[in-house]
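To start, the structure under review is shown below, and the notes come after it.
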Amino acid sequence: MKVNIKIPTSLKDITLRQYKKYLSIQDKTTENRFLNAKMIEIFCNVKLEQVMLLKVSDTNEIIETLSNIFEQKPELVKKFKINKTEYGFHTNLDDLSLGEYIDLDMHIGDWSNMEKAMNVLYRPILVSLKDKYSIEDYRVQESDKLLDMPMDAAMSSVFFLWNLGLELSQVMTNYLESQEDNPVLTQFLNSQQNGDGISQFTDSLREILQDLKISLN
């Protein structure tokens, strides 16, 4: 029986939803042949029973193609579309509110909730003129929509944050310290133990970069 499969050629062809689905399966089993079959099923959007009909040589080719995709290190994706809605990257991270920063800090290291971190970084575009655009205000309840974002945007934003490194950390530290008379902020600062939260944020980014590559071993 002939099976027609559309194989992704870049991270742009894979969604965050698909990646999370694969990771949830990877966490539950170490059986390589099953994982490879599920990888093809999920990322190529084909039924598992159809995957089982493929030649071994063909499946090996597909697996190699998919694994190579996750070796890519894309440049920051500033815009993408989900259905008819265009999203733009938050270009002024030093303007993040405390609530936005906390949500980003809490979820950037948690793949099960990565869409919540992406919801801080990417918003629907209100007005666009050439390379400039304005985005909507932050809406916590909108995070599920980001499940269908392309993985090149998700991965590139993680790399971007990592590359910012201490620069972003210093901006956020300065902001928090400038607001320390606010009792809510004071409590938050104390809970961060003089910058430990920033270190945890950076450690989370490091772990994400290490885990982005799908393990085939």
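At what distance in nm do the modelled label points of E71 and V56 sit from each other, each positioned 7 Å from its Cα along Cα→Cβ?
Result for the modelled spin labels: 2.4 nm.
At D144 and D94, where each label point lies 7 Å from the Cα along Cα→Cβ, what is the point-to-point distance in nanometres?
My value for the distance between the label points is 3.7 nm.
Could you sort out which of K84/K145; K12/K84; K28/K73; K20/K81; K78/K116 sit more than 21 Å apart by Cα distance in this structure? List each step's numbers first, then the result.
Details: K84/K145 12 Å; K12/K84 16 Å; K28/K73 27 Å; K20/K81 19 Å; K78/K116 17 Å.
Flagged as over cut-off: K28/K73.
For the peptides 87-93, 151-157, what is the packing order when you average, over each peptide's residues, the other Cβ atoms within 10 Å and list the highest mean first? All intermediate terms of the calculation are to be shown ahead of the outcome.
On the way: 87-93: 17.6, 151-157: 23.3.
Most protected by this proxy first, the peptides run 151-157, 87-93.
Listed highest first by mean packing, meaning other Cβ atoms within 10 Å per residue, what order do 125-131, 96-102, 34-40 come in? Intermediate results must be reported in sequence, preceding the final value.
Values: 125-131: 10.0, 96-102: 15.7, 34-40: 18.4.
By packing density, highest mean first, the sequence is 34-40, 96-102, 125-131.
Taking 0.36 nm per residue of sequence separation and subtracting the Cα-Cα distance, how much length would be gained by fully extending the chain between N83 and V127, in nm to one decimal?
Details: separation 44, 0.36 × 44 = 15.84 nm, distance 1.75 nm.
Here the answer is 14.1 nm.
First measure r as the distance between the Cβ atoms of T29 and S134, then evaluate 1/(1 + (r/R0)^6) with R0 = 41 Å and state the FRET efficiency to the nearest 0.05. Write out the running numbers ahead of the final one.
Values: r = 45 Å, r/R0 = 1.10.
After rounding to 0.05, the efficiency reads 0.35.
Bear in mind that the values in this text are calculations on the coordinates, not laboratory data. Model, not experiment: these values are computed from the prediction. For neighbour counting, all protein chains shown are included, and Cβ atoms are generated from backbone atoms with ideal geometry for every residue, glycine included.
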